[in-house]
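The values are calculated or read from the model by the stated rules, or taken from the named source; none is laboratory data. Owing to the predicted nature of the structure, the values given are computational and were not obtained by experimental measurement. As a convention, Cβ positions derive from the backbone with ideal geometry for all residues, glycine included, and neighbour counts pool all protein chains shown.
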Amino acid sequence: MSDSQENLWYKDAIFYEVPVRSFYDSNGDGIGDFPGLTQKLDYIKSLGIDCIWLLPFYDSPLKDDGYDIRDYYSILPEYGTLKDFDNFMIEAHRLGIRVIADLVLNHVSDQIKWFQEARKDRTNSKRDWFVWSDTPDKYEGVRIIFIDTERSNWTLDPQTGQYYWHRFFSHQPDLNYDNPEVRDEMKKVIRFWLDRGLDGFRCDAVPYLFEREGTSCENLPETHEYFREIRKMIDEEYPGRILLAEANQWPEDAKKYFGNEDEFQMNFNFPLMPRIFIALAKEDAFPVENIISKTLPVPEKCSWGLFLRNHDELTLEMVSDEERDIMYSEYAKVPKMRLNLGIRRRLAPLVDNDRYALEFLNALIMSLPGSPILYYGDEINMGDNIYLGDRNGVRTPMQWSYDRNAGFSRSDPEQLYAPVIINSNYHYEVNNVESMSRLPSSFLNWLRKLIITRKRSAQVFGRGTIEFIHSDQKEILAFIRAYENQVILCVYNLSRKPSYVTMDLRKYSGWHVREMISLTRFPDIGELPYFFTLQRNSFFWMSLEKPDAT
Ligand SMILES: OC[C@H]1O[C@H](O[C@H]2O[C@H](CO)[C@@H](O)[C@H](O)[C@H]2O)[C@H](O)[C@@H](O)[C@@H]1O
Ligand SMILES: [Ca+2]
């Protein structure tokens, strides 16, 4: 493979999101760590993962689970040392697994020495690293993101009598990107970690870097310009490393972060994610088809990150009121399940642990255009704990076995950073890697099979075109993926009841049809409409093979 082809690795990759804290505790203190994660790399490899996304592991007071960074150049001591990190990187790369890490550019912890300096007095040399105002009226009308905890984007610093700007928690002051020293410091941070071998970054909260009066202070041209600078630096100094944007925005704004192939290579498909759940709730393919049309095309070397859940609440900021109502009434029947404008639940509980729905949803994100990103524990249908505060209920210890603490740690159960899941429907004694690996019919083994199947055709799914096939059945979502000489037909039944569909596939008349997971041969396509019956919430991936092709 040529260098430029190899540098497009992310387009064919499957990603796995991992918090070091939650994965495996190697020293029995109740907290996951880098040596623990290193020990579990074989498992990640066995899932078929190409790239790990690490949540923030930097020194932090952990008031926002590490998204409040106190020192960008060191590792939180509980997680290990820089040497442990280096060792983890070596082992991951030895297994052929790439690693990207969270990069929090927009804001810092109020405990970082930069802010401690800045708030000493108004003339301090670090003062201008942050955004200050004499009144809380500046940038009026800019939305508040953490609406359950914050009343304003400004907080008064009593010592210096000015307000500082923060888009998230009040303990997370925003950096001032109008200051060139800040822009340079963040480039230094990027180089520091890329020099240690990281394959790129998941860039947190990218829309918010710059502020301008009279705007929403989101997606400003200056913000795009800064990311173009960073991209240029990476392309020149670290070719093949990637930037993945977390830009939770409406489709037209989200798409802009790909730039002209000169900003982010990847971008989470936030517009798609809630609409998948809406389509499932309404038993209607339209929300998915409609949003896919709105988010495509993307530049050739770019890719959407396709996900169902992550470490945050399932955010509903960028949907209509009607769509949000559907989501709340279907998926958050109890008030405690809600947080800010979202739903703080894991994937399996969202769909009542329905195996059909779980297979359906995972297959869908593996077959739409982009690169799938799985959240740790969702492969074993982990439950959640809505009685833990903030988003902690979806961040509980990984469940490895039916031993004490789900095999996550040898500590006393009381010492764990969070309790393991013992709800009877999701108990770790059943939902754990060891038990589910041993059971041939488990969801975990099914997912492994699906991933193997996807990897056999990674380029079609990751890079291919998509063409929707319409039918009279609103519950049927069908599309053709094609890349070079490979053609795949995907058919999904969104209904909770069995359904059927007939399709005009005359364009492929004479072609063979093979179900891709079992390799079962179906009748060849002819001149008559092609007919499928589908079980409730089920799907087919069909390889369409030209008769004379090898
Ligand atoms: O560092 C602050 C937060 O940054 C990310 O936040 C994103 O998640 C929010 C929901 O929790 C979402 O509403 C917002 O648009 C995003 O930028 C990060 O993923 C969070 O964990 C973190 O608290
Ligand atoms: Ca530990």
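Residues that are in the same structural domain as residue 187 (by the TED database), at least 3 per element: which helices (runs of 4 or more DSSP H) completely within the range 1-95 meet that?
20-23, 34-39, 41-47, 82-94
Residue 484 - would you say it is of a type in the set (Asp, Glu) and touching a Ser or Thr at 6+ places or on another chain (Cβ under 6 Å)?
No.
Residues of the range 326-381 being within 16 Å of ligand 1 (Cβ to nearest atom), of a type outside the set (A, V, I, L, M, F, W, C) and closer than 25 Å to residue 23 by Cβ, which ones?
If the condition is that a residue be within 16 Å of ligand 1 (Cβ to nearest atom), of a type outside the set (A, V, I, L, M, F, W, C) and closer than 25 Å to residue 23 by Cβ, then 342, 344, 345, 346, 375, 376 are the ones that fit.
Would you point out which residue out of 84, 50 is over 21 Å from residue 205 (Cβ atoms) and either among the basic types (Lys, Arg) or within 16 Å of ligand 2 (Cβ to nearest atom) (or both)?
Within the list 84, 50, the selection yields 84.
Please work out which residue is surrounded by the most Cβ atoms within 10 Å (Cβ to Cβ), limiting yourself to the range 378-404 and to residues that are in contact with a Lys or Arg (Cβ under 7 Å, 6 or more places away or on another chain) and closer than 18 Å to residue 47 by Cα.
382
Working only within the range 67-104, note down all residues that are among the charged types (D, E, K, R), away from ligand 1 (no atom under 16 Å from the Cβ) and surrounded by 21 or more Cβ atoms within 10 Å (Cβ to Cβ).
Residue satisfying the conditions is 98 alone.
With the condition kept exactly as written, say whether any residue in the range 251-274 is crowded, with 18+ Cβ neighbours inside 10 Å, under 19 Å from residue 349 (Cα atoms) and not β-branched (Val, Ile, Thr).
Among the residues of the range 251-274, at least one is crowded, with 18+ Cβ neighbours inside 10 Å, under 19 Å from residue 349 (Cα atoms) and not β-branched (Val, Ile, Thr), which makes the answer yes.
Select from the range 1-47 the residues that are under 20 Å from the mean Cα position of the chain (by Cα) and within 16 Å of ligand 2 (Cβ to nearest atom) and list them in ascending order.
Once the filter is applied, which keeps residues that are under 20 Å from the mean Cα position of the chain (by Cα) and within 16 Å of ligand 2 (Cβ to nearest atom), the range 1-47 yields 18, 19, 20, 21, 22, 23, 37.
Kindly evaluate residue 382 against the criterion of being within 23 Å of the chain's Cα centre (by Cα) and closer than 30 Å to residue 79 by Cα.
The answer is yes for residue 382.
So residue 314 clears everything in (1) touching a residue at least 60 places away in the same chain (Cβ under 8 Å); (2) aliphatic (A, V, I, L, M); (3) farther than 19 Å from residue 425 by Cβ except one condition, right? Which one?
(1)
What are the pairs, 6+ residues apart or on separate chains, where a residue within the range 406-428 that is part of a loop (DSSP other than H, G, I, E, B) has its Cβ under 9 Å from a residue that is at pLDDT below 95 and within 16 Å of ligand 1 (Cβ to nearest atom)?
none
Answer yes if at least one residue in the range 315-323 is hydroxyl-bearing (Ser, Thr, Tyr), in the same structural domain as residue 18 (by the TED database) and either under 15 Å from residue 340 (Cα atoms) or crowded, with 18+ Cβ neighbours inside 10 Å (or both), and no otherwise.
Yes, the range 315-323 contains at least one residue that is hydroxyl-bearing (Ser, Thr, Tyr), in the same structural domain as residue 18 (by the TED database) and either under 15 Å from residue 340 (Cα atoms) or crowded, with 18+ Cβ neighbours inside 10 Å (or both).
What do you reckon, is residue 338 within 23 Å of residue 250 (Cβ to Cβ), modelled with pLDDT of 95 or more and in the same structural domain as residue 367 (by the TED database)?
When the stated conditions are applied, residue 338 passes them.
Collect the residues in the range 66-101 that are closer than 20 Å to residue 114 by Cα and not aromatic (Phe, Trp, Tyr), keeping them in residue-number order.
66, 68, 69, 70, 71, 74, 75, 76
Within the range 111-148, can you find the residues that are within 30 Å of residue 20 (Cα to Cα), among the charged types (D, E, K, R) and within 13 Å of ligand 1 (Cβ to nearest atom)?
Of everything in the range 111-148, just one residue is within 30 Å of residue 20 (Cα to Cα), among the charged types (D, E, K, R) and within 13 Å of ligand 1 (Cβ to nearest atom), namely 148.
Output yes when any residue across the range 405-413 is surrounded by 21 or more Cβ atoms within 10 Å (Cβ to Cβ) and more than 16 Å from ligand 2 (Cβ to nearest atom), and no when none is.
No, the range 405-413 contains no residue that is surrounded by 21 or more Cβ atoms within 10 Å (Cβ to Cβ) and more than 16 Å from ligand 2 (Cβ to nearest atom).
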